[in-house]
Amino acid sequence: MKDLIKIREEIDDIDSQIIELYEKRMGLTTEVAEYKISTGKQVLDKQREKEKLDKAEAQVKDEKNRYGVRELFEQIMSMSRKRQYQLLVSQGLGEKIEFELVDKLPFENAKIVYQGVEGAYSQLAMQAYFGKNADNFHVDTWRDAMEAIKNGQADYAVLPIENSSAGIVSENYDLLVEYDNYIVAEQTIKIEHALLGVPGAEISDITCVYSHPQSFLQSVDFLNEHRDWEQIRLANNAVSAKKVSMEGKKNQAAIASSINAELYGLKILKEHINYSADNSTRFIIVTAKKVYTKEAKKISICFEIPHESGSLYRMLSHFIFNNINMVKIESRPIKDKSFEYRFFVEFEGKLTDGAVQNALKGLSEEASAVKILGNY
């Protein structure tokens, strides 16, 4: 049996040869890219790659190494493509990014729309970002808010996108794909739920509670102490508070922010009923214009990929290769495509960054579809 030190020395020698050959191969990648630039040929040639992988696999003598060699060459060719994308971008042949860099967002005389009624957390987020004196109005649904921007009734909309306890607001992810509205900013609001009832009511009187579905989830520990209460879902917490106020029944309560007690003449039966003291909701500010500011530091995109093994890994590798920090990834089913998904990714950077442009070039070439949702 060989000494371990001797074995490691042989491995080191082989690794040095691999590095030398890798650098030589990547050098040839430059020549390939120059040829493709001059001829307009696509970087990704799926048929050529398949033939190459099949040939490499067939050359393997030890059956145990067959899949490993195929994976090795998949990675080598993937890195070769990424280097070619970098060269294309450096020659001004990257993806055309139709977003305008502006000094600041145009808020003067802007009209803001949010979903819900007075007292909704969306209103609080709107006030936190635009100020309490902003010209604003509210609508019934998130779709209505997107329509208001599309139809020119509003300049900006405030939409919840994620709660730290209950997760993403999936409908708003889907609306970002459906509408040509784009994220220009975000605002995080701390969520503090209270149980509200009519004047004179006590917790012992309650048999029915109204709220948004996510607020039920965020208050699950408290509600587990009152399993006999009927839980009725409504579109918005403030709507729930308004309903309790209007109907005036002592057995009804609403889960909402405490500000609604003052707005709708209700009594706070119990404060801080959400189970997480750090519960917060992130809201996005969207508009119809493709703009971003020099302070922008985060990009949101979505993409669709072929329904085949390794597709997602290949897409995410563009971020790794270009040293881009990915902040978040979510998936949503694609309508009318059974068990196929659209992926939403947030990552650090600005659209003018070379690394970002390289990654976007690679994604646009290899994904089925890509949409930039905003730089903010």
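Some values worked out for this structure:
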read-out: Scope the range 10-32; condition at pLDDT below 95 and more than 21 Å from Ser78 (Cα to Cα); matching residues; value: none
read-out: Residue within the range 190-199 that is in a loop (DSSP other than H, G, I, E, B) and over 30 Å from the mean Cα position of the chain (by Cα) present; value: yes
read-out: Residue in the range 209-226 that is touching a residue at least 60 places away in the same chain (Cβ under 8 Å), surrounded by fewer than 22 Cβ atoms within 10 Å (Cβ to Cβ), under 24 Å from Ile168 (Cα atoms) and polar (S, T, N, Q) present; value: no
read-out: Candidate set: the range 265-315, residues that are at pLDDT 90 or above and among the small types (Gly, Ala, Ser); chosen: the one farthest from Val370 (Cα to Cα); value: Gly265
read-out: Among residues of the range 190-208, those that are closer than 30 Å to Lys294 by Cβ and either surrounded by 21 or more Cβ atoms within 10 Å (Cβ to Cβ) or modelled with pLDDT of 95 or more (or both), counted; value: 0
read-out: Val177 being part of a helix (DSSP H, G or I) and either in the same structural domain as Ala253 (by TED's automatic domain parsing) or hydrophobic (A, V, I, L, M, F, W, C) (or both); value: yes
read-out: Residue tally, condition at pLDDT below 95, under 19 Å from Gly374 (Cβ atoms) and crowded, with 19+ Cβ neighbours inside 10 Å, over the range 163-184; value: 1
read-out: Condition met for Ala241 (surrounded by 22 or more Cβ atoms within 10 Å (Cβ to Cβ), over 28 Å from the mean Cα position of the chain (by Cα) and either among the basic types (Lys, Arg) or assigned to a strand (DSSP E or B) (or both)); value: no
read-out: Test result for Lys2, modelled with pLDDT under 90 and outside any helix (DSSP H, G or I); value: yes
read-out: Top-ranked residue of the range 333-358 - restricted to ones that are of a type in the set (A, V, I, L, M) and free of Cβ contacts under 8 Å to residues at least 40 places away in the same chain, ranked as nearest to Met315 (Cα to Cα); value: Ala355
read-out: Failed condition for Glu202, given (1) within 24 Å of Asp278 (Cα to Cα); (2) among the acidic types (Asp, Glu); (3) over 26 Å from the mean Cα position of the chain (by Cα); value: (1)
read-out: Residue check for Ser317: among the hydroxyl-bearing types (Ser, Thr, Tyr), in the same structural domain as Lys361 (by TED's automatic domain parsing) and surrounded by 15 or more Cβ atoms within 10 Å (Cβ to Cβ); value: yes
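Okay, residues lined up against (1) closer than 30 Å to Gly248 by Cα; (2) touching a helix residue (DSSP H, G or I) at 6+ places or on another chain (Cβ under 9 Å); (3) aromatic (Phe, Trp, Tyr):
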site: Ser122; (1), (2), (3): yes, yes, no
site: Asp135; (1), (2), (3): no, no, no
site: Ile168; (1), (2), (3): no, no, no
site: Asp180; (1), (2), (3): no, yes, no
site: Ala185; (1), (2), (3): no, yes, no
site: Lys190; (1), (2), (3): yes, no, no
site: His193; (1), (2), (3): yes, yes, no
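The values are calculated or read from the model by the stated rules, or taken from the named source; none is laboratory data. Note that this is a predicted model, so its numbers are computed, not measured. Backbone-built Cβ (ideal geometry, glycine too); neighbour counts: all protein chains shown.
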